[in-house]
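Worksheet: the structure to be examined is printed underneath.
The values are calculated or read from the model by the stated rules, or taken from the named source; none is laboratory data. Values in this document were obtained by computation on a predicted structure and should not be read as measured data. Methodologically, a virtual Cβ is constructed for each residue, glycine included, from the backbone with ideal geometry; neighbour enumeration extends over all protein chains shown.
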Amino acid sequence: MPDAETLLPRGATLRIAHLYPDVMNIYGDRGNAIALQYRCEARGIAAEVVDVRIGDACDLDEFDIVIIGGGQDREQRRIADDLCARGAAFHAAAESGMPMLAVCGGFQLFGHRYVDQDGSEIPGIGLFDMETRHRGADVPRCIGDVVLKTPAGDVVGFENHGGRTYLGAGQEPFGRVIRGYGNNAEDGGEGARTNNVIGTYLHGSLLPKNPELADELIRAALRRRYGEGIALPPLDDSAERAAHAAAAATAAGRSRATKKAG
Ligand code: GLN
């Protein structure tokens, strides 16, 4: 492996737009921003996380990665108009290969719409060809530890959602469910993926326990800004791998227990 100096441009900098961190942040989603920043700085890449709140100006051309967390129906209602007003810019950035990570409630609003627990429609930006429907207060939520199979390897996390998501015919899922409920507890799909935009129900937070996925977002951002040849020097991920293995074991234990209980 040639040394990092020659591969990573000197003074490489990445700017991460963290959408609505004060509203859309449950089950540790802020950890995704922290993980991206840590994994950049550990390689000498300067990483700036910029909080983008409702009403804040945000020129996506000045950013390299976008992340958004989850939130209850009430929080999603609060941000929906602001997010939709930025819709066209998100479509253009996605087409240009900008990596984005949208988790749970944020993921749902990257689709066309979310019909919430009360039956009210919350509009989305339609980056993913999908829609989500909450099945109502008397239908159990999809809660628990999850293991997914994705093209980039197994991904682990935690889900808690009342909404059921249905992908359009041509919309690629992010992964296939090995353990857990996924988009709708019916078709085995989880999340959605369009270009470098990844949507998933997985909280936890997600990226600290899935370092390959974090690096995939960082690599995509570096290549978009500095050119195709960029490779990332490896990090010592022993702690991350141990956390990943522990989460996968918990999920396996839970699903065995559920089956036995079933
Ligand atoms: N409010 C949405 C639902 O219940 C998303 C919840 C979340 O972000 N965890 O499905």
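Scanning region 24-38 for residues that are within 15 Å of the ligand (Cβ to nearest atom) and under 24 Å from ASP61 (Cβ atoms) gives MET24, ASN32. Write out, first by first residue and then by second, each pair whose Cβ atoms fall under 7 Å of each other, whose residues are 6+ apart or on separate chains, and whose first residue, in region 123-143, is closer than 16 Å to GLY182 by Cβ while the second is surrounded by 15 or more Cβ atoms within 10 Å (Cβ to Cβ) and among the hydroxyl-bearing types (Ser, Thr, Tyr). Matching pairs, first to second residue: PHE128/THR194; MET130/THR165; MET130/TYR166; GLU131/TYR166; THR132/TYR114; THR132/THR165; CYS142/TYR181.
Candidates in region 31-64 are the residues that are under 14 Å from the mean Cα position of the chain (by Cα) and surrounded by 18 or more Cβ atoms within 10 Å (Cβ to Cβ); of these, the one that is nearest to TYR226 (Cα to Cα) is LEU36. The single condition among (1) free of Cβ contacts under 8 Å to residues at least 40 places away in the same chain; (2) not in a loop (DSSP other than H, G, I, E, B) that GLY157 does not meet is (1). If I ask for residues that are closer than 14 Å to GLY70 by Cβ and either aromatic (Phe, Trp, Tyr) or at pLDDT below 95 (or both), which ones from region 27-60 would you list? Answer for region 27-60, where residues must be closer than 14 Å to GLY70 by Cβ and either aromatic (Phe, Trp, Tyr) or at pLDDT below 95 (or both): TYR27, GLY28. Screening region 111-159 for residues that are of a type in the set (S, T, N, Q) and either within 23 Å of ALA169 (Cβ to Cβ) or in contact with a Leu (Cβ under 8 Å, 6 or more places away or on another chain) (or both) and picking the one that is surrounded by the most Cβ atoms within 10 Å (Cβ to Cβ) gives THR132. If you check GLY11 against the conditions, is it surrounded by fewer than 16 Cβ atoms within 10 Å (Cβ to Cβ), at pLDDT below 95 and among the small types (Gly, Ala, Ser)? Yes: the conditions hold for GLY11.
Taking the condition within 11 Å of the ligand (Cβ to nearest atom) and either without any contact (Cβ under 8 Å) to a residue 60 or more places away in the chain or touching a His at 6+ places or on another chain (Cβ under 7 Å) (or both), does GLY71 pass?
Details: within 11 Å of the ligand (Cβ to nearest atom): yes; either without any contact (Cβ under 8 Å) to a residue 60 or more places away in the chain or touching a His at 6+ places or on another chain (Cβ under 7 Å) (or both): yes.
So GLY71 passes the test.
Exactly one residue among PRO151, PRO99 is more than 24 Å from ARG254 (Cβ to Cβ) and modelled with pLDDT under 95, and that residue is PRO151. Restricted to region 102-132, and to residues there that are out of contact with any Lys or Arg (no Cβ under 6 Å at 6 or more places or on another chain) and of a type in the set (D, E, K, R), the residue that is modelled with the lowest pLDDT is ASP118. If only residues of region 161-180 that are assigned to a loop (DSSP other than H, G, I, E, B) and surrounded by 21 or more Cβ atoms within 10 Å (Cβ to Cβ) are counted, the one that is nearest to the ligand (Cβ to nearest atom) is GLY180.
Each residue in region 181-204 was checked for being more than 12 Å from the ligand (Cβ to nearest atom), in a loop (DSSP other than H, G, I, E, B) and among the polar types (S, T, N, Q), and 2 pass.
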